[in-house]
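Sharing a structure below in structure tokens format, with a few things to ask.
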Amino acid sequence: MRIRPALLAITALVGVAMTTVTAQQVPTFTSSTRLVTVAVTVQKGGRPVTGLTQADFEVRSNDTIRPIVQFTSDTSPVTAALLLDASGSMDVNAAMAPAEAGARDLLSALTPGIDRVGIYTFDEALATRVAVGPFSPAHMLALRGTRAFGSTSIYDAVLGASRGVAANDGARRAVVVFTDGVDTSSVVTPEDVRTHLASIDVPVYILAVLSDTHPETDDERRGLPEDHPLARLATGTGGQAFVVRAGESMQRARHTIVSSLRTHYVLAFEPDTRPGWHSLSVRTRQNHTVRARAGYSVASRP
């Protein structure tokens, strides 16, 4: 269940070369739905790009340009489910301490009383430490005393925790996972989870945690391979996958995640009304790095 060195032999920074986000999994709308909305994060050199206007964006459905009919760029509160891997290899790989430190660092960037967060741990089952609610010191305390044991059901845990953020409207929602390994015991598939989180516009951020004694490599700057299931889950929902250790790379990932959730754009367009799956891509005219959910599906009329 650990991330083997071969899996961390990275070939490219996940998403850096992608100025277009293309979908494989999709949310579902009825043919009577008037608009599809999509939350979009825009970066340049790893930093958020602000100040863009509606005219800066292009939305394509099935490679056909769809006019943007609504546009917002307000900064919003964050609602996040933090998932901490508590399976046995986190102890074996000495990853628990840096993962807990990373989770505390991410929490420190949230605003008490405004942002909302839930704390969860998982091995083969999901455990709720603190349900999703206004951020408070109780969330920091909930990270203490995690005992690593058992196998790893990452996808089951992500699916379960996503229900905790799905009921929160008016904020940018996300699932953030601290883990050292690959899934070993989930019942659901990565495709199932990717479909579900795309349908509710909730990005997944994966932080693959290295121990402090792991040999230094360029992995922290490159991320997981694009074809890794966890990387595909992240990018397919508009999130990102990072390789981190305690220190600079963890702080860089935290900054990217929080700034992406706080500062984003919401675009709305009229969907293709033909029943079935429709690919969705979003780009800026300036060819920035753009991340968004994957696409949409139109149901047949009854």
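The values are calculated or read from the model by the stated rules, or taken from the named source; none is laboratory data. Worth saying up front: this structure is predicted, and the values here are computed from it rather than measured. Cβ placement follows ideal geometry from the backbone for every residue including glycine, while neighbour counts extend to all protein chains displayed. Just so you know, the surface numbers come from the protein's heavy atoms only, side chains and all, with ligands and any DNA or RNA stripped out. Shrake-Rupley method; radii C 1.70, N 1.55, O 1.52, S 1.80 Å.
I need the full set of residues from the stretch 51-68 which are in contact with a strand residue (DSSP E or B) (Cβ under 6 Å, 6 or more places away or on another chain) and among the polar types (S, T, N, Q), in order please.
Within the stretch 51-68, Gln54, Ser61, Asn62 qualify.
If you go through the stretch 134-144 one residue at a time, how many are surrounded by 18 or more Cβ atoms within 10 Å (Cβ to Cβ) and either of a type in the set (Asp, Glu) or not in a loop (DSSP other than H, G, I, E, B) (or both)?
Qualifying residue count, the stretch 134-144: 1.
Okay, next question. So Gly113 ticks every box in (1) free of Cβ contacts under 8 Å to residues at least 24 places away in the same chain; (2) in contact with a Gly (Cβ under 8 Å, 6 or more places away or on another chain) but one. Which box is left unticked?
(2)
Which of the residues spanning the stretch 145-176 are in a helix (DSSP H, G or I), crowded, with 20+ Cβ neighbours inside 10 Å and either without any contact (Cβ under 8 Å) to a residue 24 or more places away in the chain or charged (D, E, K, R) (or both)?
Scanning the stretch 145-176 gives a single hit, Asp156.
Oh, and also: Does the stretch 268-283 include one or more residues that are more than 18 Å from Asp63 (Cα to Cα) and touching a Lys or Arg at 6+ places or on another chain (Cβ under 8 Å)?
no
Shifting gears a bit: Restricting the search to the stretch 113-133, which residues are out of contact with any strand residue (DSSP E or B) (no Cβ under 7 Å at 6 or more places or on another chain) and open to solvent by 40 Å² or more (accessible area, probe 1.4 Å)? Let's see the steps before the verdict.
Residues of the stretch 113-133 that are out of contact with any strand residue (DSSP E or B) (no Cβ under 7 Å at 6 or more places or on another chain), as a first pass: 114, 123-125.
Correct list: Ile114, Glu124, Ala125.
A further question follows. Can we say Leu35 is in contact with a strand residue (DSSP E or B) (Cβ under 8 Å, 6 or more places away or on another chain), open to solvent by less than 80 Å² (accessible area, probe 1.4 Å) and at pLDDT 90 or above?
In short, no.
Report those helices (runs of 4 or more DSSP H) wholly inside the stretch 186-291 carrying at least 3 residues which are crowded, with 24+ Cβ neighbours inside 10 Å.
The helices (runs of 4 or more DSSP H) meeting that bar are 190-199, 229-236, 248-262.
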